[in-house]
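Step one of this worksheet: look at the structure below.
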Amino acid sequence: MEIVLYQENYDVAESLDNFLTVLYSTQMKYLASDLLNEGLSASDIRSAIRRAMTVGEASGLDVRQHFIPAYTHIRNGVIQDCKLSKLGYAMVLLNARPELRIVGEWQLRVLRKFLR
């Protein structure tokens with residue numbers, strides 16, 4: 001067996017960072033593309049992800065724990081997607097176009113739960 005890649009010195013911080021990214025990714029059970037089935041367009045989803053990530057960053061959230069870029073096979077093609085945690089999925093829905101029924105219903109559901 002021949003070693004294909006050898007690096008004499010490893011950056012410990014980079015190695016830990018890569019490990020954490022893989023760990024977070026394994027805990028994310030949702031895909032942004034799942035929202036296509038709920039009536040959101042690819043453009044709606046991209047915009048909602050950007051807004052959700054901006055909210056997360058502004059709030060001090062470690063965005064990497066909730067949003068990780070991915071590629072998904074859909075309809076005989078590969079699309080750019082995003083793996084989402086449960087919180088990430090909820091944040092995307094909260095930040096999607098409010099005139100979409102699923103978005104309005106989700107926003108009301110969250111508010112009703114919060115205002116109990």
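The values are calculated or read from the model by the stated rules, or taken from the named source; none is laboratory data. The structure displayed is predicted, hence computed values, not measured ones. Counting neighbours? That spans all protein chains shown, and the Cβs are built from the backbone with ideal geometry, glycine included. Ligands, DNA and RNA are excluded from the accessible area calculation, which covers all protein heavy atoms including side chains. Shrake-Rupley method; radii C 1.70, N 1.55, O 1.52, S 1.80 Å.
Just give me the residues in the range 13-62 being part of a helix (DSSP H, G or I) and either touching a helix residue (DSSP H, G or I) at 6+ places or on another chain (Cβ under 6 Å) or among the aromatic types (Phe, Trp, Tyr) (or both), in sequence order. Talk me through it step by step, then tell me what you get.
Within the range 13-62, the subset part of a helix (DSSP H, G or I) is 13-26, 32-38, 42-58.
Of everything in the range 13-62, those that are part of a helix (DSSP H, G or I) and either touching a helix residue (DSSP H, G or I) at 6+ places or on another chain (Cβ under 6 Å) or among the aromatic types (Phe, Trp, Tyr) (or both) turn out to be Phe19, Tyr24, Ala32, Leu35, Glu38, Ile45, Ala48, Ile49, Ala52, Met53, Gly56, Glu57.
When you check Ala96 against the structure, is it more than 12 Å from the chain's Cα centre (by Cα), open to solvent by less than 60 Å² (accessible area, probe 1.4 Å) and of a type outside the set (S, T, N, Q), yes or no? Against the criterion (more than 12 Å from the chain's Cα centre (by Cα), open to solvent by less than 60 Å² (accessible area, probe 1.4 Å) and of a type outside the set (S, T, N, Q)), Ala96 qualifies. Here the range 75-90 is the region considered, the condition is being more than 22 Å from Asp17 (Cα to Cα) and touching a strand residue (DSSP E or B) at 6+ places or on another chain (Cβ under 8 Å), and the residue that is modelled with the highest pLDDT is Tyr89. Kindly evaluate Tyr71 against the criterion of being free of Cβ contacts under 8 Å to residues at least 40 places away in the same chain, hydroxyl-bearing (Ser, Thr, Tyr) and either surrounded by 18 or more Cβ atoms within 10 Å (Cβ to Cβ) or over 15 Å from Val103 (Cβ atoms) (or both). Considered against the rule, which asks whether it is free of Cβ contacts under 8 Å to residues at least 40 places away in the same chain, hydroxyl-bearing (Ser, Thr, Tyr) and either surrounded by 18 or more Cβ atoms within 10 Å (Cβ to Cβ) or over 15 Å from Val103 (Cβ atoms) (or both), Tyr71 comes out as yes. Taking the criterion of being under 15 Å from Asn37 (Cα atoms) and touching a Ser or Thr at 6+ places or on another chain (Cβ under 7 Å), the residues of the range 62-78 that qualify are Thr72, Ile74. Taking Arg50, is it basic (Lys, Arg), surrounded by fewer than 18 Cβ atoms within 10 Å (Cβ to Cβ) and within 11 Å of the chain's Cα centre (by Cα)? Criteria met by Arg50. When residues in the range 53-65 are screened for being touching a residue at least 40 places away in the same chain (Cβ under 8 Å) and crowded, with 18+ Cβ neighbours inside 10 Å, 1 of them pass.
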